[in-house]
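Visitor: My structure is below; once you've seen it, I'll send some questions.
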Amino acid sequence: MSESGRRGPNNSGSRDGGGHANRGGRSDSKRNAQGRERNRGPQRGYSNNAPSQRTRRADPARLVAYEVLRAVASEDAYANLVLPARIREHRLDRRDAGFATELSYGALRGQGTYDAILARCVDRPLEQLDPAILDALRIGAHQLLSMRVPAHAALDQTVGLARAVIGAGPSALINAVLRKVTAHTMVEWLDILLEQETDETRIAALRHAHPEWIVRALRQSLVNHGRSKTEIDALLEADNAAPVVNLVALPGLGNLDEAFENGATAGELVEDSALSAGGDLGRLESVRKGTTRVQDVGSQLVARAVASVDLGAPARDGERWLDLCAGPGGKAALLAALAHRDGATLVANEPAPHRAKLVQQALSAVPGESWTVRTGDGRELGGEQPESFDRVLVDVPCSGLGALRRRPESRWRRAPKDIADLGPLQRELLTSAIDAVKPGGVVAYVTCSPHPAETTAVVGDVMGKRDDLEMLDAGQALDAVSLTGGLGAGHELTAQLWPHVHHTDAMFMALIRKKS
């Protein structure tokens, strides 16, 4: 383990980062090794606060977290894509990689709350701080308030990081601000910040580190899908919990034996799934080959559901399936494997050429005669190939409000305008999917968002303009492919999964059948 002076989430012991060690055998001496006396009170020991003893280098795990936050802020990068590359670049071992992951994701998730606390500790508006300094402060605040890192180690190592990558001047500011942060625990800080607050939405937003508009949207979503608005705190807490990595073995092509040998446990919701024990999954041969994939169990369920709906025919042999919005290819890979098993073929459509290449890579583990990749606008496919497919999955671009736990920075990037802007595209893609399906065939409209404007409103608007469609029971379809049943009852015949109930992303699905 690197010299990080920390306690990780599962580590009861730690090194102290070099602080308060006895030197020369006398803990009460005020003289250093050169015999010089330092002007300190009798109660204070000789510590690494002395200039000659301060940490002057960046601990690798904290440096990784800092680089992730900088990439997110300055390059609009995605943390889940940047972090693995940085971990490999800095050659972190499993323990340090876990620490860097918690520090990166935790600082990003809690950004709004940490900024409110830091604003009380800085003598200027936060927007006047250099963004690099603010990211270092967020890293320090998360260690001090939400991780089991000794305060002196969190301070020393964060200031050392700042001194190494930002400069001596900013490091002094960071040291002063973080010392003010240590004056209170997280609970105490929240009590201070909320002392005179009475608005329930603002209280929940600050306590659970979500923008206020998302709190309102998720509360509305719960009610819209038949649940109680009193579940909002549990839902927000689930968004902040570190998600367990889900694995899926492609049916007929992969298995989970290697994953189980490395500590994974069998998934409880769907067959051929597992919960990872952590570590570098890229070292598993089945993952490298693509026959075992990382995929949220909610995504596994909706893909299996559309592939399994009874269309009234005795067999699926010869059916044509379509994934209209296939990039980057996770659901498409599972659909292709199911199609190969059942004698069907899959067309995976993706408009962006670089993402179409990712789809091809994802499908490469499945025999090529069972799939093709089309690069083109999904809104045009229904007109170009009308009534050509038996089953269509249209997993539309959406706000991603259902996957906030996996994308820690996204809650601070999104705005209500994004949902309004996506609405026309979602309706056009669903219309194209309906045009592309055969009479008697089924379309699965899927989003990773529970927001009514992206789910039930889109389905209702599109279906209201046609008389050749009927809804199937999506909750029943999810139950049919799950190991437990009782999963996805939502608004009328739609289905909605929830992080706080099912431990999945908040996947929505509506099943629409074109009448024969």
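Visitor: What number of residues within the stretch 450-468 are surrounded by fewer than 24 Cβ atoms within 10 Å (Cβ to Cβ) and among the polar types (S, T, N, Q)?
Guide: 1
Visitor: Go through the residues of the stretch 59-70 one by one and say whether even a single one is surrounded by 21 or more Cβ atoms within 10 Å (Cβ to Cβ), modelled with pLDDT under 95 and either over 24 Å from Leu404 (Cα atoms) or assigned by TED's automatic domain parsing to the domain that holds Ala168 (or both).
Guide: Checking the stretch 59-70: at least one residue is surrounded by 21 or more Cβ atoms within 10 Å (Cβ to Cβ), modelled with pLDDT under 95 and either over 24 Å from Leu404 (Cα atoms) or assigned by TED's automatic domain parsing to the domain that holds Ala168 (or both).
Visitor: Name every residue in the stretch 131-188 that is in contact with a Cys (Cβ under 9 Å, 6 or more places away or on another chain) and part of a loop (DSSP other than H, G, I, E, B), in order of residue number.
Guide: Within the stretch 131-188, just Ala183 meets the criteria.
Visitor: In addition: Take the residues of the stretch 178-189 that are in contact (Cβ under 8 Å) with a residue 12 or more places away in the chain and out of contact with any helix residue (DSSP H, G or I) (no Cβ under 6 Å at 6 or more places or on another chain): which is surrounded by the fewest Cβ atoms within 10 Å (Cβ to Cβ)? Show your work before the answer.
Guide: From the stretch 178-189, those in contact (Cβ under 8 Å) with a residue 12 or more places away in the chain are 178-182, 185-186, 189; that's our starting set.
Right, trim to out of contact with any helix residue (DSSP H, G or I) (no Cβ under 6 Å at 6 or more places or on another chain) and you get 179-180, 185.
Numbers: Arg179: 15, Lys180: 13, Thr185: 11.
It comes out as Thr185.
Visitor: Does at least one position in the stretch 469-479 carry a residue that is buried (at least 18 other Cβ atoms within 10 Å of the Cβ) and not hydrophobic (A, V, I, L, M, F, W, C)?
Guide: Scanning the stretch 469-479 turns up at least one residue that is buried (at least 18 other Cβ atoms within 10 Å of the Cβ) and not hydrophobic (A, V, I, L, M, F, W, C).
Visitor: Here's a follow-up. Just one of Asp272, Asp296 is in contact with a Pro (Cβ under 7 Å, 6 or more places away or on another chain) and surrounded by 18 or more Cβ atoms within 10 Å (Cβ to Cβ); which is it? Don't jump to the end; show me each part of the working.
Guide: Working: Asp296 fails: in contact with a Pro (Cβ under 7 Å, 6 or more places away or on another chain).
Exactly one of Asp272, Asp296 is in contact with a Pro (Cβ under 7 Å, 6 or more places away or on another chain) and surrounded by 18 or more Cβ atoms within 10 Å (Cβ to Cβ), namely Asp272.
Visitor: For Thr345, indicate whether it is touching a Lys or Arg at 6+ places or on another chain (Cβ under 7 Å) and surrounded by fewer than 21 Cβ atoms within 10 Å (Cβ to Cβ). Before you say what the answer is, go through the steps one by one.
Guide: Numbers: touching a Lys or Arg at 6+ places or on another chain (Cβ under 7 Å): yes; surrounded by fewer than 21 Cβ atoms within 10 Å (Cβ to Cβ): yes.
It is true that Thr345 is touching a Lys or Arg at 6+ places or on another chain (Cβ under 7 Å) and surrounded by fewer than 21 Cβ atoms within 10 Å (Cβ to Cβ).
Visitor: For the stretch 305-387, list the strands (runs of 3 or more DSSP E) that sit wholly inside it and hold at least 2 residues that are modelled with pLDDT of 95 or more and within 24 Å of Glu271 (Cβ to Cβ); which are they?
Guide: The strands (runs of 3 or more DSSP E) meeting that bar are 320-323, 345-350.
Visitor: While we're here: Where residues in the stretch 71-82 are of a type in the set (Gly, Ala, Ser) and part of a helix (DSSP H, G or I), which of them is surrounded by the fewest Cβ atoms within 10 Å (Cβ to Cβ)? Steps first, answer last, please.
Guide: Looking only at the stretch 71-82, we keep the residues that are of a type in the set (Gly, Ala, Ser), and these are 71, 73-74, 77, 79.
This time we only want the ones that are part of a helix (DSSP H, G or I), so: 71, 73-74, 79.
Working: Ala71: 19, Ala73: 18, Ser74: 11, Ala79: 24.
Residue satisfying both the conditions and the ranking: Ser74.
Visitor: Kindly indicate which of Gly441, Gly400, Gly378, Gly383 is in the same structural domain as Lys465 (by TED's automatic domain parsing) and under 30 Å from Ser104 (Cα atoms). Let's see the steps before the verdict.
Guide: On the way: Gly441 fails: under 30 Å from Ser104 (Cα atoms); Gly378 fails: under 30 Å from Ser104 (Cα atoms); Gly383 fails: under 30 Å from Ser104 (Cα atoms).
Of Gly441, Gly400, Gly378, Gly383, the one residue that is in the same structural domain as Lys465 (by TED's automatic domain parsing) and under 30 Å from Ser104 (Cα atoms) is Gly400.
Visitor: If His210 passes every condition in (1) in a helix (DSSP H, G or I); (2) in contact with a Lys or Arg (Cβ under 9 Å, 6 or more places away or on another chain) but one, which one does it miss?
Guide: Evaluating His210 over (1) in a helix (DSSP H, G or I); (2) in contact with a Lys or Arg (Cβ under 9 Å, 6 or more places away or on another chain) leaves (1) as the failure.
Visitor: Against the definition (aliphatic (A, V, I, L, M) and not assigned by TED's automatic domain parsing to the domain that holds Phe508), how does Leu334 come out, yes or no? Walk me through it before giving the result.
Guide: Values: aliphatic (A, V, I, L, M): yes; not assigned by TED's automatic domain parsing to the domain that holds Phe508: no.
When the stated conditions are applied, Leu334 does not pass them.
Visitor: Moving on. Just checking, which of Leu301, Leu311, Leu334, Leu281 is more than 20 Å from the chain's Cα centre (by Cα), crowded, with 18+ Cβ neighbours inside 10 Å and on the phi < 0 side of the Ramachandran plot? Break it down stepwise before answering.
Guide: Details: Leu301 fails: more than 20 Å from the chain's Cα centre (by Cα); Leu311 fails: crowded, with 18+ Cβ neighbours inside 10 Å; Leu281 fails: more than 20 Å from the chain's Cα centre (by Cα).
After applying the criteria, what remains is Leu334.
Visitor: Checking the structure you have, find out if any residue of the stretch 115-133 is of a type outside the set (A, V, I, L, M, F, W, C), within 20 Å of Gln157 (Cβ to Cβ) and either buried (at least 16 other Cβ atoms within 10 Å of the Cβ) or under 18 Å from the mean Cα position of the chain (by Cα) (or both).
Guide: No, the stretch 115-133 has no match at all.
Visitor: Return yes or no: is Val392 in a strand (DSSP E or B), hydrophobic (A, V, I, L, M, F, W, C), crowded, with 22+ Cβ neighbours inside 10 Å and not assigned by TED's automatic domain parsing to the domain that holds Tyr78?
Guide: Details: in a strand (DSSP E or B): yes; hydrophobic (A, V, I, L, M, F, W, C): yes; crowded, with 22+ Cβ neighbours inside 10 Å: yes; not assigned by TED's automatic domain parsing to the domain that holds Tyr78: yes.
Yes, satisfied.
Visitor: Let me ask another. Please state which of the following conditions Leu425 fails to meet, knowing it meets all the rest: (1) part of a helix (DSSP H, G or I); (2) within 22 Å of the chain's Cα centre (by Cα); (3) over 26 Å from Arg316 (Cβ atoms).
Guide: (2)
Visitor: Can you tell me which residue is nearest to the chain's Cα centre (by Cα) among those in the stretch 465-516 that are in a loop (DSSP other than H, G, I, E, B) and among the β-branched types (Val, Ile, Thr)? Spell out the reasoning first.
Guide: The initial filter retains those residues of the stretch 465-516 that are in a loop (DSSP other than H, G, I, E, B), namely 465-468, 473, 482-488, 490-494, 497-498, 503-507, 515-516.
If we keep only those that are among the β-branched types (Val, Ile, Thr) as well, we get 484, 494, 504.
Numbers: Thr484: 25, Thr494: 24, Thr504: 11 Å.
For the stretch 465-516, the residue satisfying everything is Thr504.
Visitor: Can you tell me which residue in the stretch 83-113 is modelled with the lowest pLDDT, limited to those that are of a type outside the set (Lys, Arg) and outside any helix (DSSP H, G or I)? Break it down stepwise before answering.
Guide: In the first step, residues of the stretch 83-113 are kept if they are of a type outside the set (Lys, Arg); the result is 83-85, 87, 89-90, 92-93, 96-108, 110-113.
Keeping just the survivors that are outside any helix (DSSP H, G or I) gives 90, 92-93, 110.
Working: His90: 95, Leu92: 94, Asp93: 91, Gly110: 97.
Of everything passing the filter in the stretch 83-113, Asp93 is modelled with the lowest pLDDT.
Visitor: Could I ask something else about it? How many of the residues making up the stretch 449-464 are outside any helix (DSSP H, G or I) and free of Cβ contacts under 8 Å to residues at least 24 places away in the same chain? Quick ask: steps written out before the conclusion?
Guide: Here is the first cut: in the stretch 449-464, the residues outside any helix (DSSP H, G or I) are 449-451, 455, 464.
Applying the additional criterion that residues be free of Cβ contacts under 8 Å to residues at least 24 places away in the same chain yields 464.
So the answer is 1.
Visitor: Evaluate the stretch 403-415: report whether one residue or more is under 21 Å from Ser432 (Cβ atoms) and either among the acidic types (Asp, Glu) or outside any helix (DSSP H, G or I) (or both). It would help to see each step written out before you state the result.
Guide: Quick first cut of the stretch 403-415, residues under 21 Å from Ser432 (Cβ atoms) only: none.
Checked the stretch 403-415: no residue is under 21 Å from Ser432 (Cβ atoms) and either among the acidic types (Asp, Glu) or outside any helix (DSSP H, G or I) (or both).
Listed here are the residues, each with its yes/no results for (1) under 25 Å from Asp272 (Cβ atoms); (2) in contact (Cβ under 8 Å) with a residue 40 or more places away in the chain; (3) of a type in the set (S, T, N, Q); (4) surrounded by fewer than 24 Cβ atoms within 10 Å (Cβ to Cβ).
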{"site": "Glu428", "(1), (2), (3), (4)": "no, yes, no, yes"}
{"site": "Ala433", "(1), (2), (3), (4)": "no, yes, no, no"}
{"site": "Ala436", "(1), (2), (3), (4)": "no, yes, no, no"}
{"site": "Thr447", "(1), (2), (3), (4)": "yes, yes, yes, no"}
{"site": "Val481", "(1), (2), (3), (4)": "yes, yes, no, yes"}
{"site": "Leu493", "(1), (2), (3), (4)": "no, no, no, yes"}
{"site": "Thr504", "(1), (2), (3), (4)": "yes, yes, yes, no"}
{"site": "Met507", "(1), (2), (3), (4)": "yes, yes, no, no"}
{"site": "Ile512", "(1), (2), (3), (4)": "no, yes, no, no"}
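The values are calculated or read from the model by the stated rules, or taken from the named source; none is laboratory data. Predicted, not measured: the structure shown is a model, and the values here were computed from it. Because the Cβ atoms are built from the backbone with ideal geometry, glycine has one as well, and the counts that use them run over all protein chains shown.
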